[in-house]
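Here the structure is laid out as structure tokens; the discussion comes afterwards.
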Amino acid sequence: MKTLVIGPGGREHALALALSRDPQVTEVHVAPGNPGVEPFATRHEVDALDGDAVTSLATSLGVDLVVIGPEAPLVAGVADAVRAAGVAVFGPSREAAQLEGSKAFAKQVMASAEVPTALAHVCETAEQVEAALDAFGPPYVVKDDALAAGKGVVVTEDRQVAIDHAAGCDRVVIEEFLDGPEVSLFAITDGETVLPLQPAQDFKRIFDGDEGPNTGGMGAYTPLDWAPEGLVAEVTRRVLVPTVQEMARRGAPFQGLLYAGLALTSRGVRVVEFNARFGDPETQALLAVLRTPISALLHGAATGELASVGLPQWSDGIGVTVVMASAGYPESSSSGDVILGVDAANAIEGVDVIHAGTARDADGRLVTAGGRVLAVTAVGETLEHARDRAYAGVDAISFEGAQHRADIALAAQLGDVTVP
Ligand code: AMP
Ligand code: GLY
């Protein structure tokens, strides 16, 4: 099978790497990709938001499967263009991607499908915002309705901070605060069959101890030994299947990766958000321990034949990924800082350094090129083992202003995660 992965980041590097290790896959192309994929894939220039450009690249390469990584091309309808040309594509249509593209739309779908989620008000005026904030009380949760790369959400005790964030958005969703640990549960679906992956946990805040602003994600691990028994079955039954059925009922079948961001609250499981694509960096940790050949899952979803693939199988290992971000992230980022030590980190047993915001400078040196730069991903026999390896990788790498969290998966290792 010849494959083409669309996107520039860590999730796309992880997907391309898994495809390159799949015996069914003969060629891996990535557009635009990053320097990290160069050892095993061919890179191509493309405007990932241009459906015609992606389609003509796919047909000229004669690929059997296109995998669209990020949300922006999905929301722009790139999957529709590729599918219309008769090429199998993993990723939802423009309409179905609204599950991620509009938080208000996602809330409507959840209401119709009776999926448990936070109570919410959609607000378009300052008066509506203040009324909604006062209806729920602190902590305040204010979400930009539009795509914001994981950074459009403010959770704060400070009413003025909440009002100021809302003022910077056209339309906001204000919702009740959800207590309890967060879980990312992904499902691969062809629009009918729903295959859940194992649960993962992401670390959204920039600083240790979940302090500071939200980011795109600073680290992840999987599986979660503290997750309640039956969690996957419950979320499949109450969240994933009803959502996929509701999308089909609306004439917008969802095909691709349905990402359920969940909170395990004192009142039960609640959906925090849906995404319409693989999460980043959970995907780096998940694919490190996935045993089922990834091409079977992605191609099965793209062609409506997922029922014949069967539930994903996992290795006994634990996957941990630690993101290294550049100076200034998440408010800004720093480009052009020379990165040293990636080969040394990759040489550690069980470690893969997944690139996100990296580039080559004029002298061919690896440099930073964005906020999240690398995701140092490790597999171990235990959580402690996997963390030790991932942090040994992080310690081997250096660049000016590098930031990482030191506590990825630490609470789980110490047995300190509790579900209220
Ligand atoms: P979202 O983009 O909707 O996933 O929100 C980003 C992050 O904000 C989530 O991962 C949570 O950490 C936090 N968050 C979002 N909604 C809520 C909520 N209702 N209660 C508590 N935290 C939330
Ligand atoms: N891990 C968060 C996201 O992909 O949105």
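Every number here is computed from the coordinates shown, using simple stated rules; none is lab data. Because the structure is predicted, anything quoted here is derived from the model rather than measured. Don't worry about glycine lacking a Cβ; one is built from the backbone with ideal geometry, like all the others, and counts go over all protein chains shown.
Quick one: net charge around E182, please, counting Lys, Arg +1 and Asp, Glu -1 for every other residue with C-beta under 13 Å from its C-beta. Write out the running numbers ahead of the final one.
Numbers: positive: K204, R205, R270; negative: D179, D202, D210, E273, E282.
Result for the neighbourhood of E182: -2.
At R0 = 51 Å, how high is the FRET efficiency between R21 and D416 if r is their beta carbon distance? Nearest 0.05 is fine. Please report the intermediate quantities before stating the final value.
Details: r = 34 Å, r/R0 = 0.67.
Efficiency, rounded to the nearest 0.05: 0.90.
Using the alpha carbons of segment 96-171, what is the convex hull volume per residue in cubic angstrom, as a whole number?
Details: hull volume 6.9 nm³, N = 76.
Per-residue hull volume (Cα only) is 91 Å³.
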Residues in segment 208-222 reached by a label modelled at D164 [backbone nitrogen below 14 Å; 7 Å Cα→Cβ]: 213
Pairwise FRET efficiency - A85 versus T156, Cβ, R0 = 51 Å, nearest 0.05: 0.65
Take the alpha carbon atoms of segment 303-393, find their radius of gyration, then divide it by 2.2 N^0.38 Å using N residues; give the quotient. 1.36
How many angstrom lie between the Cα centre of segment 241-266 and the Cα centre of segment 123-146? 25
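With r defined as the distance between the Cβ atoms of S315 and E192 and R0 fixed at 35 Å, what FRET efficiency is calculated, to the nearest 0.05?
Numbers: r = 28 Å, r/R0 = 0.80.
Working from the Cβ atoms, E equals 0.80.
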Evaluate the charge dipole of the chain about its Cα centre and quote only its size in Debye, nearest 20, assuming +1 on the Cβ of each Lys and Arg and -1 on the Cβ of each Asp and Glu. 820
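If contacts are Cα pairs under 8 angstrom and at least 6 residues apart, what is the relative contact order of segment 257-388 in percent?
23
Give a quick list of GluC sites (Glu not before Pro) in segment 324-420 that DSSP marks as loop, anything other than H, G, I, E or B, with at most 13 other Cβ atoms within 10 Å.
Here the GluC sites (Glu not before Pro) that fit, given the DSSP loop and packing criteria, are E331, E349, E381, E400.
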Work out how much length A126 to E400 would gain on full extension: take 0.36 nm times their residue separation and subtract the Cα-Cα distance, in nm to one decimal. 94.5 nm
Size of charge dipole - segment 26-78 - debye, nearest 20, with Cβ of Lys, Arg +1 and Asp, Glu -1, no other charges: 100
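For the chain, what number results from the quotient of the Cα radius of gyration and 2.2 N^0.38 Å?
Values: Rg = 20.3 Å, N = 420, 2.2 N^0.38 = 21.8 Å.
In units of the globular-protein estimate, the chain measures up at 0.93.
Taking 0.36 nm per residue of separation and subtracting the Cα-Cα distance, what length does fully extending E384 through R237 add? Let's see the in-between values first.
Numbers: separation 147, 0.36 × 147 = 52.92 nm, distance 3.23 nm.
Result for the pair: 49.7 nm of gain on full extension.
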Given the candidates V309, L15, V141, the one whose Cα lies deepest towards the positive end of the charge dipole of the chain, counting +1 at each Lys or Arg C-beta and -1 at each Asp or Glu C-beta, is V309
